[in-house]
Each structure stands twice: as structure tokens, then as C-alpha cells.
Ligand SMILES: Cc1cc2nc3c(=O)[nH]c(=O)nc-3n(C[C@H](O)[C@H](O)[C@H](O)COP(=O)(O)O)c2cc1C
């Protein structure tokens, strides 16, 4: 490799190190891992999400950040509702399964689930579930943040430990998505 080539490789490595440092920094923010269920009466689907948190007490609101390229997004918007299924520390396989694009397949077909009273998909093995009604949304770079009102929910396994996003490593492939500098 030429001196110029070595220099370029060093710069690239430096940039990757910085990007890795930012990825690591963001992994120090704690998140749970959830399966978001959607159904608009014609189609249902579900996808893994970590960017979800409570944002108000009165009314009881959650914020969910969604990549609008996901096939679930159109269904969520059409229905104006979604379910949040809380995964447990032993359920990383479910996070991986629902973290893949549906690509024409029914991801729910291989997993035990049922509809809530309002026909949102609930995983039989979830630790807890919530049902949310779309309130409004705001653009957030390459994602859309949905603010939704929590309208129902239940704890199924009160003693189980929820799965942490940190424990999923790079399951979502996010390490390659962080910028190289702030
Ligand atoms: C651990 C993990 C966390 C994820 N968090 C989010 C998230 O918060 N928001 C999001 O839009 N996608 C998130 N994803 C990516 C989606 O689950 C993934 O792109 C999925 O294929 C979308 O499914 P769909 O195209 O069938 O709707 C996450 C994936 C994993 C594995």
C-alpha cells in the first residue's frame, strides 16, 4: 500500500472508530425491546422496536419512533392503532424474528398470538401488552415519532425480567448507521 493509501486507511479507521464510539455511546441509553402489532382489518403485521417511551401522565401518552419505510407503518397509519408487546430477557429470538422485514410473509404465522378486543395483535408469550391509539406524529430525520394514547393494557408475567435493547447487541444492524462525527 502507498503512503497515501496508508494515510487514507488510517483516516478511514479513525472515522470508523469515531462511529463505533458514537454507537457505543447510544447503547448506554437504556431501552426495552417490544413487538409492535398492527392490523387495519385487511392486513396484520408486527415488528420489533426499541425506541418507545412514556411521555405524559395525563393523558397517558407514549412516543414510538418508526422508520416510515417499514411495511407496518402504512398499516399502523391506516388503523390509527397499534399494540406494544413487552419482550422478556429470554425472548431475543422473538426480537430477531420480528426485526426482519415481512417481505410478503406473515411473521405472526409462526408465533402464538391472538387479537385484543380491538383487534390488535397480542403475543401469547409477551410479559405485558399495551394498546395505543394514534394521536399525532412529528418528523424526526429518517424516522417518524408517533405520539399515541394508551387505551388498554395488561401485565401477564409480573415477575419476569424485560429484555433490554443493550442485550440485543447489533441485532438491528444499527452500528453501521451512526454518523462518523457529531
Ligand atoms: C432490537 C431491534 C430494535 C429495533 N427498533 C426499532 C425501532 O425502534 N423503530 C423502528 O422503526 N424499527 C426498529 N427496528 C427495526 C425493525 O424491527 C425492522 O426494520 C423490521 O424489519 C420492520 O418490519 P416490517 O418491515 O415488517 O414492518 C428494530 C429492530 C431490532 C432487531
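The values are calculated or read from the model by the stated rules, or taken from the named source; none is laboratory data. None of these values were measured; they are calculated from a predicted model. Heads up, the Cβs are rebuilt from the backbone with ideal geometry, glycines too, and the neighbour counts pull from every protein chain shown.
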- Note on the structure: Residue count, segment 157-168, condition more than 9 Å from the ligand (Cβ to nearest atom) and either closer than 21 Å to residue 17 by Cα or touching a helix residue (DSSP H, G or I) at 6+ places or on another chain (Cβ under 6 Å) (or both), comes to 1
- Task: Name the one entry in 39, 45 that is more than 11 Å from the ligand (Cβ to nearest atom), surrounded by 15 or more Cβ atoms within 10 Å (Cβ to Cβ) and at pLDDT 95 or above.
- Result: 39
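Quick check on segment 49-57. Is at least one of its residues more than 13 Å from the ligand (Cβ to nearest atom), in contact (Cβ under 8 Å) with a residue 40 or more places away in the chain and farther than 20 Å from residue 112 by Cα?
The answer is yes; a qualifying residue exists.
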- Item | Extreme residue, nearest to the ligand (Cβ to nearest atom), among residues of segment 169-182 that are surrounded by 15 or more Cβ atoms within 10 Å (Cβ to Cβ) and more than 26 Å from residue 110 (Cβ to Cβ) | 175
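If I ask for residues that are part of a loop (DSSP other than H, G, I, E, B) and closer than 17 Å to residue 162 by Cβ, which ones from segment 21-36 would you list? Spell out the reasoning first.
Pass one, segment 21-36, residues part of a loop (DSSP other than H, G, I, E, B): 28-31, 33.
Of everything in segment 21-36, those that are part of a loop (DSSP other than H, G, I, E, B) and closer than 17 Å to residue 162 by Cβ turn out to be 29, 30, 31, 33.
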- Task: Quick one: count up the residues across segment 156-173 that are part of a helix (DSSP H, G or I) and within 17 Å of residue 128 (Cα to Cα).
- Result: 1
- Message: Which pairs turn up if I take residues in segment 93-111 that are at negative phi and assigned by TED's automatic domain parsing to the domain that holds residue 48 and look for partners that are at pLDDT below 95 and within 6 Å of the ligand (Cβ to nearest atom) with beta carbon separation below 7 Å, at least 6 apart in sequence or on another chain?
- Response: none
